[in-house]
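Working notes for the structure below.
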Amino acid sequence: MALRVDYLAKETGYNLIRNPSLTIATVLTVAVSLALLGSALLIRSGVDGLNVRFQDDVEFIVWLDRDATSEQVSIVERALNDSPLIADSRYITRQETFAEFQEFWQDSPEIMASVEPERLPTSFRVIPTEPDLEVVEALAAEYRLLPGVKEVDFAGEFIKQLNSFTRTASTIMLVTAAGSLVASSLLMYNSIRTALFARRREVEVMKLVGASNSFIRIPFIMEGLVLGVIGAGFSVLAVFGLNRVITRSVEEAEIGLFDSFALQQSDLLPIALWLLVAGAAIGAVGSGFAVNRYLDA
Amino acid sequence: MIKLEKVTKEYPGQTAAALKDADADIAKGEFVFLVGPSGSGKSTFLRLINKQEEPDSGRIFVAGKDIGKLSNWKVPMLRRNIGAVFQDYKLLPTRTVGENVSFALEVIGRPRHVIGSQVPAICELVGLGDQMEKYPHQLSGGEQQRVSIARAFVNRPLILLADEPTGNLDPQTAIGIMRLLDRINKTGTTVIMASHDRGIVDTMRRRVIELSGGEIVRDQARGVYE
Ligand SMILES: Nc1ncnc2c1ncn2[C@@H]1O[C@H](COP(=O)(O)OP(=O)(O)OP(=O)(O)O)[C@@H](O)[C@H]1O
Ligand SMILES: [Mg+2]
């Protein structure tokens, strides 16, 4: 026997407004836990983008001691030229360093004034053949030991730290999200149980006059689905909002490094879809358990 | 129409059986009273027929079918053929008389035009044609029981089970309800009614099945209460 759409809409709607505080609590819990999940996913894909970016333009800098002898400099240069792992290297003179420095600090004349070009170090800009973090790390460790080398800098160090920090952060968020997803499923279960209790007279009469099991159950399952999807809808808004905030601050920062954290709409859509599916799943699971527990003949 | 073969029912945690080796054969169109002291198993007898309870042993046939073999999803179909009326009416307080009656048709998916014609007709039959907009709390006990009978009968079931339908009513009102049940019985519906009401049973002079401690101790055509 087909379930009439108007009946279903009426019953589900009535169930939703019957107990507003519980409805709101359930929707909010679902929204918060899914927002956490969405943010964790957002950060994850930001980190993945970071690694991709890093691989695009791997370069490291071998800083030389200010008083390195020309013999030491040429030893370093030879080591760089001879290594099969290095595609290209370029010597940066004091004047070039100073020029870069001036460009970087052009808005802060007081800092520029405090720097004398002859006190700046010289360096080699090195591009390795393998754009791989491990290889670059090994090379950096090797060149750091050469006489006359003061320090080897590479973006990888920073990216690595950032990487592990953001991964830890997003893992913590995922765990928290998992915990609150359990909480929201339980609240969903309770919400539907309360609905069943409130409508126990109707349910009793329906059983007596021979309403089919699915006819009795579907409005309650629908209630769970609607609650879950509404909650997920709010979490999608929250994630889009968060992405907007991140995008704005990335644009203000003017450092290209963090660009990958500002996701495009097309990257956000799969996340949004996942959240909606998760919301529906919470609703279905919570209401399914409640209905099976309390409606079995 | 209804046949019980050695039916025994024991509730969990209960020492004595609520119904013990009960045998009965009720033909189509019969009107049967179930009598006996409180706790003798009258309600259990009725609840077994529409599968609100399962027997521990024995078989129950309704319209020739062994309902013990009925799969779960077919139970609603059985219940569509068995109306049920209770001492406490079981009306839905937030729905009007008309809505209470149409609820029974709505939830089994009857089309709107059927509901639109059946509901007023049945309300007319039970004498509440002009009270369809009222809510249960605006009605007397007798009127509420009429609504509940209308709801049980609106789908024209083969069988009507009535568990002490006059239990909460004064004798005069009870007689009105009995007239209604009698009319329904005359349409060919088999009626089984549990009752404590000696006066009613003695006046009607119908078949009486007497239960005592879960056992059928008397089964008498045109019987009296005691
Ligand atoms: N749901 C139940 N759980 C446990 N025991 C029950 C249950 N329902 C009935 N009983 C027991 O089964 C026995 C028969 O009960 P039943 O309700 O059938 O009697 P009855 O004849 O309808 O009584 P009354 O005239 O008071 O309505 C009683 O001893 C009762 O306590
Ligand atoms: Mg009883």
Inset, instruction - For chain A, with a Gaussian network of springs between Cα atoms less than 10 Å apart, report the residue from A:Arg119, A:Arg199, A:Arg44 with the top mean-square fluctuation. - result: A:Arg119
Legend entry - Computed log₁₀ I(q)/I(0) - Debye formula, equal Cα scatterers, no solvent, the protein assembly as shown, q 0.07 Å⁻¹: -0.60
Legend entry - Length added when fully stretched, A:Thr129-A:Ala9, from 0.36 nm per residue minus Cα-Cα: 36.8 nm
Inset, instruction - Using θ = phi - 60° and the Karplus relation 6.51 cos²θ - 1.76 cosθ + 1.60, list the HN-Hα couplings for segment B:53-58 in order, rounded to whole Hz, with x at every Gly or Pro. - result: 10, 10, x, 7, 8, x
Inset, instruction - State the percentage of accessible surface on chain B attributable to carbon and sulfur atoms; use a 1.4 Å probe and exclude ligands, DNA and RNA. - result: 49 percent
Legend entry - Of all accessible heavy-atom area on segment A:59-154, the percent that carbon and sulfur account for (1.4 Å): 51 percent
Inset, instruction - Label segment A:59-154 by shape, choosing from rounded, prolate and oblate, from the square roots a ≥ b ≥ c of the eigenvalues of the Cα gyration tensor; if a/c is under 1.5 it is rounded, and otherwise prolate applies when a/b is larger than b/c, oblate when it is not. - result: prolate
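Too long at a 25 Å Cα-Cα cut-off: which of B:Lys51/B:Lys90; B:Lys69/B:Lys186; B:Lys9/B:Lys186; A:Lys10/A:Lys207? Don't jump to the answer; show the numbers that get you there.
Numbers: B:Lys51/B:Lys90 18 Å; B:Lys69/B:Lys186 31 Å; B:Lys9/B:Lys186 32 Å; A:Lys10/A:Lys207 19 Å.
Pairs exceeding 25 Å: B:Lys69/B:Lys186; B:Lys9/B:Lys186.
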Inset, instruction - Go ahead and run the numbers for FRET between B:His196 and A:Ala25, Cβ-Cβ distance against an R0 of 45 Å, rounding to 0.05. - result: 0.40
Inset, instruction - Go through segment B:86-91 residue by residue and turn each phi into a ³J(HN,Hα) via Karplus (6.51, -1.76, 1.60, θ = phi - 60°); whole Hz please, and just put x for glycine and proline. - result: 10, 4, 9, 6, 6, 7
Inset, instruction - Note down the nm distance, to one decimal, between modelled labels 7 Å out along Cα→Cβ at B:Asn168 and at B:Asp130. - result: 2.5 nm
Legend entry - Accessible area in the full protein assembly, largest first, 1.4 Å probe, for A:Tyr7, B:Tyr135: B:Tyr135, A:Tyr7
Inset, instruction - Can you tell me the FRET efficiency between B:Asp23 and B:Gln138 if r is taken as the Cβ-Cβ distance and R0 is 56 Å, rounded to the nearest 0.05? - result: 0.80
Inset, instruction - Describe numerically, in nm with one decimal, the distance between label points set 7 Å from Cα along Cα→Cβ at B:Arg156 and at A:Thr93. - result: 10.9 nm
Inset, instruction - Hey, can you grab everything whose amide H is under 5 Å from the amide H of B:Arg218? Only 5+ residues off in sequence or another chain; H modelled, so Pro and N-termini drop out. - result: B:Glu210
Legend entry - Partners for A:Lys150 among lysines (Cα-Cα distance below 28 Å; same-chain residues under 8 apart left out): A:Lys160
Inset, instruction - Identify all aspartates and glutamates with a Cα-Cα distance to B:Lys134 below 17 Å; exclude those on the same chain that are fewer than 8 residues away in sequence. - result: B:Glu99, B:Glu124, B:Glu143
Legend entry - Karplus (6.51, -1.76, 1.60) ³J(HN,Hα), θ = phi - 60°, over segment A:143-148, in Hz, Gly and Pro reported as x: 6, 4, 7, 5, x, x
Inset, instruction - Name the residues of segment B:109-157, by number, that are at least 10 Å² less accessible with every protein chain in place than in the isolated chain; the surface is that of heavy atoms, probe 1.4 Å, without ligands or nucleic acids. - result: B:Gly109, B:Arg110, B:Arg112, B:Arg151
Inset, instruction - Give me the distance in nm between label points sitting 7 Å out from Cα along the Cα-to-Cβ direction at B:Ala16 and A:Arg293, one decimal. - result: 3.7 nm
Inset, instruction - For A:Ala87, list long-range residues whose amide hydrogen, built 1.01 Å from N in the peptide plane, is under 5 Å from its own amide hydrogen. - result: A:Ile127, A:Thr129
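Report the calculated FRET efficiency for A:Glu204 and B:Ala121 (r = Cβ-Cβ distance, R0 = 45 Å), to the nearest 0.05.
0.95
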Legend entry - Expected 222 nm ellipticity per residue - DSSP helices of 4 or more, -39500 (n - 2.57), all of the protein assembly as shown, to 500: -19000 deg cm²/dmol
Inset, instruction - Please say if segment B:98-166 is rounded, prolate or oblate, where rounded means a/c under 1.5 for a ≥ b ≥ c the square roots of the C-alpha gyration tensor eigenvalues, and otherwise the choice is prolate for a/b larger than b/c and oblate otherwise? - result: oblate
Legend entry - Per-residue SASA entry for B:Leu158, accessible area with 1.4 Å probe, Å² rounded to 10: 70 Å²
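Find the sum over both chains of the accessible area lost when A and B are paired, probe 1.4 Å, and report it in Å² to the nearest 100. Show your work: numbers first, answer last.
On the way: alone 16870 and 10840 Å², together 25790 Å².
Summing both chains' loss of accessible area gives about 1900 Å².
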Legend entry - Whole-number accessible area per residue in Å² for chain A, which is evaluated in the context of all protein chains at 1.4 Å: 53 Å²
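Accessible area, 1.4 Å probe, largest first: how do B:Lys134, B:Lys69 sort?
Listed by decreasing accessible area, they come as B:Lys69, B:Lys134.
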Legend entry - Accessible area per residue in Å² at 1.4 Å probe, computed on segment B:82-195: 38 Å²
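The values are calculated or read from the model by the stated rules, or taken from the named source; none is laboratory data. Computed from a predicted model, the values in this text were never measured in an experiment. Positions of Cβ are backbone-derived with ideal geometry, glycine not excepted, and every protein chain shown enters the neighbour counts. Accessible surface is based on the protein model in full, side chains and every heavy atom, while ligands, DNA and RNA are left aside. Shrake-Rupley method; radii C 1.70, N 1.55, O 1.52, S 1.80 Å.
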